[in-house]
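The numbers here are math on the coordinates, done by the rules we state, and not lab data. What you are looking at is a predicted structure, and each value in this text was computed from that prediction instead of being measured. Quick reminder, even Gly has a Cβ in these numbers, built from the backbone with ideal geometry, and neighbours come from all protein chains shown.
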Amino acid sequence: MRYAIFSDLHANLEATEAVLQDARERECTHFVCLGDVVGYNANPHECVEIVRAMDCPVVQGNHDEQASLAASSRGFNELAERAIDWTREHLTEADKEWLRDLRMSRQIRDFTIVHATLDTPKQWGYVFNNLDAAASFTYQHTTVCFFGHTHVPGAFVRDEAVKRIRVDHLQIESGKKYFINAGSVGQPRDGDWRAAYCIYDLERIIVEQRRLKYDMAAAQKKIIEAGLPRLLAERLQLGR
Ligand code: ZN
């Protein structure tokens with residue numbers, strides 16, 4: 001059983017299609033989405049349709065929440081706010097209802113999924129350092145939990161202490177806990193523009209980080225043609 005774990009698609013259709021195709025080629029049998037299907041890029045409705053049709057476990061991200069409301073309830077920065085206003089206008093009522101009803105965290109088989117943090121999932125805090133991760137570990141009852149939100153792939157491991165590690169091929173060991181960021185499909189922010197996702201092989205108990213080139217120029221063109229802020233197109237190639 002091989003799970004493709006993908007997060008932060010952010011309405012980037014080209015990146016989403018590249019990831020799903022790669023996952024199928026890599027013989028993934030199951031799919032899990034860690035939220036932020038919409039926001040920033042130009043194909044929110046299409047991305048919602050794809051993920052909804054997959055009928056896989058999905059948790060809610062902060063952009064999913066904000067897009068599903070009539071008006072913003074929290075302070076996004078100006079760039080995110082302009083994109084979310086545009087997104088609301090380009091989603092159907094059924095899309096918004098689906099986004100609104102997504103759960104905050106879920107357990108699938110022997111692992112957990114959440115968009116932001118396990119300690120206060122609805123506050124959308126960011127796990128960037130060992131201290132942030134330690135707070136989440138307190139609420140983690142499975143060996144492995146996948147999260148997103150920061151758009152920075154990598155993992156935190158709790159053994160005697162909490163430390164940050166890279167994920168290439170990560171062998172999961174019993175007695176430890178792992179809080180693993182799948183990276184972002186549609187807007188990576190670790191300086192690498194390629195779409196990111198993880199494969200979790202439940203038989204071999206290995207997590208593999210994947211990076212994929214996709215048709216970024218097409219995604220950028222759509223952003224500009226849609227009248228979304230130009231910076232949203234530019235940041236894709238910077239991976240920021
Ligand atoms: Zn996001």
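Could you count how many residues in segment 106-131 are within 16 Å of the ligand (Cβ to nearest atom), on the phi < 0 side of the Ramachandran plot and either among the charged types (D, E, K, R) or not in a helix (DSSP H, G or I) (or both)?
Final tally of qualifying residues: 10.
Answer yes or no: is there a residue in segment 134-145 that is within 16 Å of the ligand (Cβ to nearest atom) and either assigned to a helix (DSSP H, G or I) or over 15 Å from Ala70 (Cα atoms) (or both).
No, segment 134-145 has no match at all.
Restricted to segment 14-47, and to residues that are among the hydroxyl-bearing types (Ser, Thr, Tyr) and buried (at least 20 other Cβ atoms within 10 Å of the Cβ), which residue is farthest from the ligand (Cβ to nearest atom)?
Thr16
Condition (residue is surrounded by fewer than 24 Cβ atoms within 10 Å (Cβ to Cβ) and within 17 Å of the chain's Cα centre (by Cα)) applied to segment 82-93: is it met by at least one residue?
Looking through segment 82-93, at least one residue is surrounded by fewer than 24 Cβ atoms within 10 Å (Cβ to Cβ) and within 17 Å of the chain's Cα centre (by Cα).
Looking at (1) within 16 Å of the ligand (Cβ to nearest atom); (2) buried (at least 19 other Cβ atoms within 10 Å of the Cβ), which one does Trp98 not meet, given that it meets all the others?
Only one criterion is unmet by Trp98, namely (1).
Checking the conditions here, which among Ala53, Ala67 is of a type in the set (Gly, Ala, Ser), part of a helix (DSSP H, G or I) and within 17 Å of the chain's Cα centre (by Cα)?
Only one candidate qualifies: Ala67.
Quick one: Tyr197 ticks every box in (1) out of contact with any helix residue (DSSP H, G or I) (no Cβ under 6 Å at 6 or more places or on another chain); (2) within 22 Å of Gln107 (Cβ to Cβ); (3) within 16 Å of the ligand (Cβ to nearest atom) bar one, so which box is it?
That leaves (1) as the condition not met.
If the Cβ limit is 9 Å and pairs must be 6+ apart or interchain, which residue in segment 222-240 that is of a type in the set (Asp, Glu) pairs with which residue that is in a loop (DSSP other than H, G, I, E, B) and surrounded by 17 or more Cβ atoms within 10 Å (Cβ to Cβ)?
As it stands, the answer is Glu225/Ala42, since those pairs meet every condition given.
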